[in-house]
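Here the structure is laid out as structure tokens; the discussion comes afterwards.
The values are calculated or read from the model by the stated rules, or taken from the named source; none is laboratory data. Remember, predicted model here, so these are calculated numbers, not experimental data. All Cβ positions, even for glycine, are placed from backbone atoms using ideal geometry, and neighbour counts span all protein chains on display.
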């Protein structure tokens, strides 16, 4: 992912921690208007029902759980340095 330069590392780390606290089965993907409009019977379905159905079809809690368990690598484009960032569960014991 790419962030605006005004976004701090603390803000990114806080957002990742918040995502990791969520239950993947309860997360719902964003649905584009084009996806709803592209449904065969989109005009005869209530929009909320169509969005809910597409969210259910597109949800992949197993993949979300897998991705959120991965280590994060941060690359600072301006300085050309990179560091691995471990969340507390992955930190080595002292």
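Screening segment 29-43 for residues that are surrounded by 12 or more Cβ atoms within 10 Å (Cβ to Cβ) and over 26 Å from residue 74 (Cα atoms) and picking the one that is modelled with the lowest pLDDT gives 42.
Picking from residues in segment 13-24 that are surrounded by 11 or more Cβ atoms within 10 Å (Cβ to Cβ) and within 20 Å of residue 56 (Cα to Cα), the one that is nearest to the chain's Cα centre (by Cα) is 19. For segment 44-73, a residue qualifies if it is within 18 Å of residue 18 (Cα to Cα), surrounded by 12 or more Cβ atoms within 10 Å (Cβ to Cβ) and modelled with pLDDT under 90, and the qualifying residues are 68, 72. Screening 83, 2, 8 for residues that are touching a strand residue (DSSP E or B) at 6+ places or on another chain (Cβ under 7 Å) and modelled with pLDDT under 90 leaves exactly one candidate, 83.
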